[in-house]
Amino acid sequence: MNASEFRRRGKEMVDYVADYLEGIEGRPVYPDVEPGYLRPLIPTAAPQEPEAFEDIINDIEKIIMPGVTHWHSPYFFAYFPTASSYPAMLADMLCGAIGCIGFSWAASPACTELETVMMDWLGKMLQLPEAFLAGKAGEGGGVIQGSASEATLVALLAARTKVIRQLQAQSPELTQAAIMEKLVAYSSDQAHSSVERAGLIGGVKLKAIPSDGKFAMRASALQEALEQDKAAGLIPFFVVATLGTTSCCSFDNLLEVGPISELRVTHLSSKCTGKKEDMWLHIDAAYAGSAFICPEFRHLLNGVEFADSFNFNPHKWLLVNFDCSAMWVKKRTDLTGAFKLDPVYLKHSHQDSGLITDYRHWQIPLGRRFRSLKMWFVFRMYGVKGLQAYIRKGSNQLNEALLQRINSAKKIHLVPCHLRDKIVLRFAVCARTVESAHVQFAWEHIKELAGDVLRVEKE
């Protein structure tokens, strides 16, 4: 394929993608296939001679699409939202074309520097404490990880390295193995399974803290576990607080848990009795974190100032296509100190200048794509106000239009209220004779009228 054909086929592919997304509602959201359906539909080996592009495109519909679960279908309500927008797709095309592997500043300066700036932009949208921003001379900063699972693992490994080095500095005779067998991390029993997996990979004990009646981790339960483990000679070193759990979107109480993680805990080891270190607090806000760009939801992030690291996924709710998991740390040396290796073939003349970042020291893999382009395109083409409007979805105008239709139809009657600057439609069950059938009828009626309002808005 030469440049001329690429131009032609590229336009065709854009049309195909646009048609797919515009018509996705008409496709079955979940595929009706059995395991192994695909193998009989394709040859057992790659072709010896080139095949036509038209044949490949045709096979997408015949072979691939029947086995696709359409995550961007309006009928997809499983797992979690996955962000998608045309600006992000265009940025991904450019990322693929540039094709740099940005493991160091020298490997592609723009790849590194745009990521640093975009993470500062996003951090400011969230009103993160200044300590998490890189700025021109900050000690913290942000990095794009592949997923929240990677972010949790990176934070745990960095915390593990930090505490081992601190204890060995205090007691040089302590071996890494002797310390490792005593390390213990903590999270709510509602935390994502990736937290438990990070403990398995990191080779440390992970204790699930029982959540309260609202499925949140509270200070009292965490404190009780800490005291028990310290009395048993274990070394608490890492806490994960979840903002927006997978099962029910519950929020751990940061304002309670945060101060406990900052308390200096005594490591009861025969080799280091009386020595004290802080526990590392990591915040996992993978899904809910996008909402914090809206001032009315920002209070849910109160207590982030106690954290050592914070993560959420713009690829879940902020219109930036997968993969783009945003992670910030207060002290970048906590990461680089854990992962830094400098073989000769990766060294460059600017690495010790103090002016640049080599992101290979912030992550598990060496290579990385130019993912910040997606953030740059989306942030600029939507603006902060556009992103906030997307998170909020409905507007006052839409709610007013829906209320007018409901009360004009005269099948049910509602009145609104104001919650700060938002118009909210109140549904109160009032009559003694109301049964579930009446509520169900009202709900179906509201859904039908809301659909009409949204169709008018879209047109």
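The values are calculated or read from the model by the stated rules, or taken from the named source; none is laboratory data. Quick caveat: nothing in here was measured; it's all calculated off a predicted structure. Virtual Cβ from ideal backbone geometry, glycine too; neighbours counted across all protein chains shown. These area figures cover heavy atoms from the full protein model, side chains too; ligands, DNA and RNA do not enter into them. Shrake-Rupley method; radii C 1.70, N 1.55, O 1.52, S 1.80 Å.
The number of residues in the stretch 34-54 being outside any loop (DSSP other than H, G, I, E, B), farther than 30 Å from Phe80 by Cα and open to solvent by 60 Å² or more (accessible area, probe 1.4 Å) comes to 3. Of everything in the stretch 207-217 that is open to solvent by 60 Å² or more (accessible area, probe 1.4 Å) and under 17 Å from Asp284 (Cβ atoms), the residue that is modelled with the lowest pLDDT is Phe215. Per the conditions (1) open to solvent by 30 Å² or more (accessible area, probe 1.4 Å); (2) at pLDDT 90 or above; (3) closer than 16 Å to Thr112 by Cα, the sole criterion not satisfied by Phe322 is (3).
The residues listed here are Pro31, Pro81, Pro66; of these, the one that is in contact with a Lys or Arg (Cβ under 9 Å, 6 or more places away or on another chain) and surrounded by 12 or more Cβ atoms within 10 Å (Cβ to Cβ) is Pro81. If you check Pro314, Pro295 for being surrounded by fewer than 24 Cβ atoms within 10 Å (Cβ to Cβ) and of a type outside the set (A, V, I, L, M, F, W, C), only one passes: Pro295.
Can you confirm whether Glu173 is touching a residue at least 40 places away in the same chain (Cβ under 8 Å) and not β-branched (Val, Ile, Thr)? Spelling it out, Glu173 is indeed touching a residue at least 40 places away in the same chain (Cβ under 8 Å) and not β-branched (Val, Ile, Thr).
Per this entry, Gly233 is not counted among residues that are surrounded by fewer than 16 Cβ atoms within 10 Å (Cβ to Cβ), over 23 Å from Val304 (Cβ atoms) and free of Cβ contacts under 8 Å to residues at least 24 places away in the same chain.
Among residues of the stretch 107-130 being aliphatic (A, V, I, L, M) and either touching a Pro at 6+ places or on another chain (Cβ under 8 Å) or open to solvent by 50 Å² or more (accessible area, probe 1.4 Å) (or both), the one that is farthest from Ile356 (Cα to Cα) is Leu122.
Matching residues to (1) open to solvent by less than 90 Å² (accessible area, probe 1.4 Å); (2) within 30 Å of Trp121 (Cβ to Cβ); (3) in contact with a strand residue (DSSP E or B) (Cβ under 6 Å, 6 or more places away or on another chain); (4) polar (S, T, N, Q):
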site	(1), (2), (3), (4)
Arg392	yes, yes, no, no
Ala401	yes, no, no, no
Arg405	yes, no, no, no
Leu414	yes, no, yes, no
Cys417	yes, no, yes, no
Phe427	no, no, no, no
Val434	yes, no, no, no
Ala437	yes, no, no, no
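Does Asp92 meet the test of being open to solvent by 40 Å² or more (accessible area, probe 1.4 Å) and either in contact (Cβ under 8 Å) with a residue 60 or more places away in the chain or under 19 Å from Arg369 (Cβ atoms) (or both)? Yes. Can Ala97 be described as part of a helix (DSSP H, G or I) and either open to solvent by less than 30 Å² (accessible area, probe 1.4 Å) or touching a residue at least 40 places away in the same chain (Cβ under 8 Å) (or both)? The answer is no for Ala97.
For first residues located in the stretch 392-414 and small (Gly, Ala, Ser), partners that are in a helix (DSSP H, G or I) and lie 6+ apart or on another chain with Cβ distances below 7 Å form the pairs Ala401/Val453; Ala409/Leu449.
Residue selection: Leu167 fails the criterion of being within 26 Å of Gly383 (Cβ to Cβ), surrounded by 20 or more Cβ atoms within 10 Å (Cβ to Cβ) and either out of contact with any Pro (no Cβ under 6 Å at 6 or more places or on another chain) or of a type in the set (A, V, I, L, M) (or both).
Apart from one condition, Glu150 fits all of (1) open to solvent by 50 Å² or more (accessible area, probe 1.4 Å); (2) over 26 Å from Gly102 (Cα atoms); (3) in a helix (DSSP H, G or I); the exception is (2).
When you scan the stretch 359-385, how many residues do you find that are at pLDDT 85 or above and surrounded by 13 or more Cβ atoms within 10 Å (Cβ to Cβ)? Of the residues in the stretch 359-385, 15 are at pLDDT 85 or above and surrounded by 13 or more Cβ atoms within 10 Å (Cβ to Cβ).
Filtering the stretch 139-153 to residues that are in contact with a Phe, Trp or Tyr (Cβ under 8 Å, 6 or more places away or on another chain) and either more than 20 Å from Arg369 (Cβ to Cβ) or among the aromatic types (Phe, Trp, Tyr) (or both) leaves only Gly140. In the stretch 416-443, which residues are outside any loop (DSSP other than H, G, I, E, B) and within 25 Å of Phe297 (Cα to Cα)? Within the stretch 416-443, Pro416, Cys417, His418, Leu419, Lys422, Ile423, Val424, Leu425, Arg426 meet the criteria. Cβ-Cβ contacts under 6 Å between residues 6 or more apart (or on different chains), taken from a first residue in the stretch 318-337 that is outside any loop (DSSP other than H, G, I, E, B) to a second residue that is among the polar types (S, T, N, Q) and open to solvent by 20 Å² or more (accessible area, probe 1.4 Å), are listed as Ser325/Ser147.
The listed residues are Ile57, Ile63, and the only one of them that is under 28 Å from Leu319 (Cα atoms), out of contact with any Pro (no Cβ under 6 Å at 6 or more places or on another chain) and not in a loop (DSSP other than H, G, I, E, B) turns out to be Ile57. Going by what's in this entry, would Arg8 be described as of a type in the set (Lys, Arg), open to solvent by 70 Å² or more (accessible area, probe 1.4 Å) and farther than 29 Å from Arg371 by Cα? Spelling it out, it is not the case that Arg8 is of a type in the set (Lys, Arg), open to solvent by 70 Å² or more (accessible area, probe 1.4 Å) and farther than 29 Å from Arg371 by Cα. Among the residues of the stretch 134-182, those identified as under 17 Å from Ile235 (Cα atoms) and polar (S, T, N, Q) are Thr161, Gln166, Gln168, Gln170, Ser171, Thr175, Gln176. Screening Phe76 on (1) among the aromatic types (Phe, Trp, Tyr); (2) within 29 Å of Met381 (Cβ to Cβ); (3) open to solvent by 40 Å² or more (accessible area, probe 1.4 Å) shows it passes everything except condition (3).
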